[in-house]
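Written out below as structure tokens is the structure these notes cover.
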Ligand SMILES: Cc1cc2nc3c(=O)[nH]c(=O)nc-3n(C[C@H](O)[C@H](O)[C@H](O)COP(=O)(O)O)c2cc1C
């Protein structure tokens, strides 16, 4: 299991760090390729111009053979989910995307100040624990 994230202003990083801490791994940026195959990748990715950032797409392309299923944790100013843009990319690469994700508003100029907040960090930590527990059960 691994956690990677891309962030511009720190919102996604907060979620990724909380998720990683909850399941006892390090949250690393997408600049660090996956070292080995991982059945579960918790991916911190948010909306920029109605899509994933191109750097996230490149990371997925370069690491695709090492990724089983992605659970996304992300933020945005207006959107509710990263599932669709992520699935579009992942399908082409043979990567599964879980319907389970954590998505919340992220502060953007004067919109959503303080988000993600302490409750979001607690929620994302719970989600991470729950998906890891399910993975363990499937073994
Ligand atoms: C260049 C740019 C483009 C953005 N485009 C969108 C968008 O299309 N839809 C949206 O809901 N939020 C958009 N946002 C808001 C970000 O998704 C939001 O601020 C998010 O929390 C940023 O995460 P980060 O701090 O990890 O970079 C955009 C932000 C930036 C800086």
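Bear in mind these aren't lab numbers, they're just calculated from the coordinates by the rules spelled out. None of these values were measured; they are calculated from a predicted model. Using ideal geometry, Cβ is built from the backbone for each residue, glycine included, and neighbour counts are taken over all protein chains shown.
Data for the structure
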{"quantity": "Inter-label distance, nm, simple model (7 Å from Cα along the C-beta direction), residue 26/residue 62", "calculated": "1.7 nm"}
{"quantity": "The stretch 1-76, relative contact order in percent, only Cα pairs under 8 angstrom and at least six apart counted", "calculated": "38 percent"}
{"quantity": "Percent antiparallel among DSSP beta bridges (both partners in the stretch 2-138, rounded to 5)", "calculated": "10 percent"}
{"quantity": "Taking only Cα atoms of the stretch 20-74, radius of gyration then Dmax in Å", "calculated": "11.3, 33"}
{"quantity": "Relative packing of peptides 16-25, 67-76, 94-103, 114-123 - highest average C-beta neighbours within 10 Å first", "calculated": "67-76, 16-25, 94-103, 114-123"}
{"quantity": "Theoretical gain in end-to-end length, residue 9 to residue 135 [0.36 nm per residue, Cα-Cα removed]", "calculated": "42.2 nm"}
{"quantity": "FRET efficiency, residue 122 to residue 39 (Cβ-Cβ, R0 35 Å, nearest 0.05)", "calculated": "0.90"}
{"quantity": "Semi-axes of the equivalent ellipsoid for the chain, Cα gyration tensor, largest first, Å", "calculated": "22, 18, 13"}
{"quantity": "All Cα pairs of the stretch 58-130, percent lying beyond 18 Å", "calculated": "46 percent"}
{"quantity": "Ellipticity estimate at 222 nm from DSSP helix runs (n ≥ 4, -39,500 (n - 2.57)) divided over the chain, nearest 500", "calculated": "-12500 deg cm²/dmol"}
{"quantity": "Difference of contour (0.36 nm per residue) and Cα-Cα distance, residue 81 to residue 98", "calculated": "4.9 nm"}
{"quantity": "Part-to-part distance (alpha-carbon centres) for the stretch 93-139 and the stretch 34-86, which is given in Å", "calculated": "12 Å"}
{"quantity": "Mean Cα-pair separation over length for the stretch 2-138, i.e. relative contact order, pairs under 8 Å, 6 or more apart, %", "calculated": "27 percent"}
